[in-house]
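Values quoted throughout were computed directly from the atomic coordinates according to the rules given, and no laboratory measurement underlies them. For clarity, every value in this text was computed on a predicted model and none was experimentally measured. Because the Cβ atoms are built from the backbone with ideal geometry, glycine has one as well, and the counts that use them run over all protein chains shown.
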Amino acid sequence: MTMQRPLDGITVVALEHAIAAPFCTRQLADLGARVIKIERPGTGDFARGYDERVKGLASHFVWTNRSKESLTLDLKHRAAQEVLARLLERADVLVQNVAPGAAARLGLSYEALHPRHPGLVVCDISGYGDNGPYRDRKAYDLLIQSEAGFLSVTGSPDEPAKAGCSVADIAAGMYAYSSILAALLQRSRTGQGIRIDVSMLESMAEWMSYPLYYAFEGAPPPPRAGASHATIYPYGPFEAGDGRTVMLGLQNEREWVQFCEKVLRQPELAQDERFASNSRRHAERDVLKLVILRAFSVLTADEVSRRLDDAQIANARMNTLADLWAHPQLRARNRWREVGTPVGPIPALLPPGHTDAFEPRMDDVPALGQHTDSILREMGWDDTRIAAMHAEKVV
């Protein structure tokens with residue numbers, strides 16, 4: 001295996017906090033990029049303080065910030081501008097998700113930077129984009145889930161529910177990441193950097209395209225169906241006789257026949273007109289649910305799963321997070337590594353997308369300001385001036 005990674009030699013300067021931008025840049029670091037994370041002196045990225053669940057560190061922060069260098073810098077201090085200017089002279093990518101308009105006020109808009117740094121890729125991540133009536137609104141993950149209609153189709157019939165992880169932040173981070181990769185590929189051909197404008201709302205709207213089309217031209221939207229599928233049935237959780245839950249999903253009429261014959265062992269149901277198509281099964285889901293639960297009531301969850309496997313029908317366990325930590329498939333595929341943190345090593349998952357060509361970068365999660373002095377020395381400041389910068393609270 002060669003250790004040359006796709007983004008070795010690429011430098012990313014990140015003015016970032018929370019999740020969307022840090023998740024984007026961590027993935028760039030996974031591929032070998034050097035990511036210099038600029039943080040506020042004293043407090044840093046506010047995600048550092050979200051909780052203390054990982055040996056005193058925040059769960060969000062350790063997830064999205066491994067393999068980075070932390071440089072503390074008070075961007076409002078006049079002397080900080082020279083530090084930032086020197087950083088950008090060496091940078092290939094600038095990523096920022098600071099407050100709306102803040103980057104432009106600091107002279108960090110693409111328009112201001114491009115004449116001096118024509119090869120620089122600038123990626124701006126925001127809640128709503130850089131124009132339009134919502135441009136200046138604050139945006140957090142739950143608010144975007146709501147604004148994008150996600151909550152209208154998620155939850156139970158009686159109550160909407162947010163996703164259990166930061167899906168709007170993750171969506172924006174993923175589109176920023178893939179857009180930056182595309183921009184670097186284009187720069188290799190043109191020599192020119194570009195600006196990328198990633199909106200959390202637009203990222204989530206893309207992910208909402210199926211329910212959008214389902215509700216095309218004013219048609220009724222998909223109903224909130226809890227852990228069941230909103231429009232395909234049977235698809236979702238069913239309790240077995242031992243009280244455990246089996247998740248299953250039927251996709252077509254062939255599987256429906258197999259389900260009746262091999263799982264329910266009631267082949268006559270396959271000929272029942274009430275259940276003769278997915279739309280009919282969906283319409284009669286309350287009746288069909290009782291039939292399925294009655295059949296499952298005399299079986300354990302393991303027995304139900306074995307029947308489903310025999311019928312080649314997709315199924316899964318309703319795992320807890322403890323189950324995921326110990327998942328045999330992740331262990332069998334050697335997906336866990338160990339990374340350092342300021343409080344000792346912790347387990348970390350390899351990024352998805354296995355290749356034999358290189359090993360993803362899996363370096364430490366940085367302490368606040370851990371690399372400030374070394375970065376300043378690298379850019380030409382001596383120890384006397386660095387000490388003065390600390391005293392002046394520039395860094």
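List the residues, sorted by chain then number, that are 5 or more residues from GLY155 or on another chain and whose placed amide H is less than 5 Å from its amide H.
ALA161, ALA225, GLY226
What are the ³J(HN,Hα) couplings of region 80-94, residue after residue, when phi is run through the Karplus curve with 6.51, -1.76, 1.60 and θ = phi - 60°? Round to Hz, x for glycine and proline.
Couplings: 5, 5, 5, 4, 5, 4, 5, 4, 5, 4, 9, 8, 9, 9, 10 Hz.
Per DSSP helix of 4 or more residues, -39500 (n - 2.57); summed, then divided by the residues of the chain. What does that give at 222 nm, rounded to the nearest 500?
The helix-only estimate for the chain comes to -10000 deg cm²/dmol at 222 nm.
Run the simple label-point estimate for LYS289 and THR11 please: 7 Å along Cα→C-beta, distance reported in nm.
So the two model labels end up 5.9 nm from each other.
For VAL257 and GLU111, FRET efficiency with R0 = 51 Å and r from the beta-carbon atoms, rounded to 0.05?
Result of the calculation: an efficiency of 0.25.
With a cap of 15 neighbouring Cβ atoms within 10 Å, and only residues DSSP puts in a loop, list the chymotrypsin sites (Phe, Trp or Tyr not before Pro) found in region 122-205.
Those that pass, being in a loop and sparsely packed, are TYR134, TYR140.
List, in the order given, every pair from LYS55/LYS76; LYS162/LYS262; LYS68/LYS393; LYS138/LYS162; LYS76/LYS138 whose Cα-Cα distance in the structure shown is over 27 Å.
LYS55/LYS76; LYS162/LYS262
Run the paramagnetic zone check for ARG331: 7 angstrom along Cα to Cβ, then residues of region 233-249 with backbone nitrogen under 19 Å.
So the set is empty, nothing qualifies.
For ASP272, ASP382, what ranking results if the residue with the fewest other Cβ atoms within 10 Å of its Cβ goes first? Show your work: numbers first, answer last.
Working: ASP272 15, ASP382 10.
Going from sparsest to densest Cβ surroundings: ASP382, ASP272.
FRET efficiency for ALA367 and LEU143, Cβ-Cβ distance as r, R0 = 30 Å, nearest 0.05?
0.45
Along the Cα→Cβ direction, 7 angstrom out, place labels at GLN312 and PHE358. What is the inter-label distance in nm?
Simple spin-label model gives 4.0 nm for this pair.
May I ask for log10 I(q)/I(0) of region 331-395 at q = 0.20, 0.28, 0.30 Å⁻¹, from a Debye sum over the Cα atoms as equal point scatterers with solvent left out?
Ignoring solvent entirely, the Cα scatterers give -0.84, -1.17, -1.25.
Please compute the modelled spin-label separation between LEU212 and ARG189, points set 7 Å along Cα→Cβ, answer in nm with one decimal.
Placing both labels 7 Å along Cα→Cβ, they lie 2.6 nm apart.
Just to confirm a number: summing +1 for Lys and Arg and -1 for Asp and Glu over residues other than ALA148 whose beta-carbon lies under 11 angstrom from that of ALA148, what do you get?
Cβ neighbours under 11 Å give a net charge of -4.
Only Lys, Arg, Asp and Glu count, each charged at its Cβ (+1, +1, -1, -1), so figure out the dipole size of the chain about its Cα centre, rounded to 20 debye.
360
How much length, in nm to one decimal, is gained on full extension between LYS393 and TYR134, taken as 0.36 nm per residue of separation minus their Cα-Cα distance?
89.7 nm
Can you give the extra length, in nm with one decimal, that the chain gains between ARG385 and ALA163 once fully stretched, where that is 0.36 nm per residue apart less the Cα-Cα distance?
Additional length available on full extension: 75.1 nm.
Order 199-205, 279-285, 37-43 from most to least packed using the mean count of other Cβ atoms within 10 Å. Can you show the working numbers first?
Values: 199-205: 22.1, 279-285: 16.3, 37-43: 19.1.
The densest-packed peptide leads the list: 199-205, 37-43, 279-285.
Can you compute the charge dipole magnitude of region 235-318 about its Cα centre, using +1 on each Lys and Arg Cβ and -1 on each Asp and Glu Cβ, nothing else charged? Give it in debye, rounded to the nearest 20. Walk me through the numbers before you get to the answer.
Numbers: 13 positive and 14 negative charges, 28 e Å.
Rounded to the nearest 20 debye, it is 140 debye.
Mind pulling up the Rg/Rh value for the chain? Radius of gyration and Kirkwood radius, both on Cα.
Looking at the chain, the ratio lands at 1.06.
Could you please state, rounded to a whole Å, how far the C-alpha centre of region 62-119 is from the C-alpha centre of region 156-192?
Cα centroid to Cα centroid, the span is 20 Å.
Would you kindly give the portion of the calculated P(r) for region 235-318 that falls above 20 Å, as a percent of all Cα pairs?
Percentage above 20 Å: 23.
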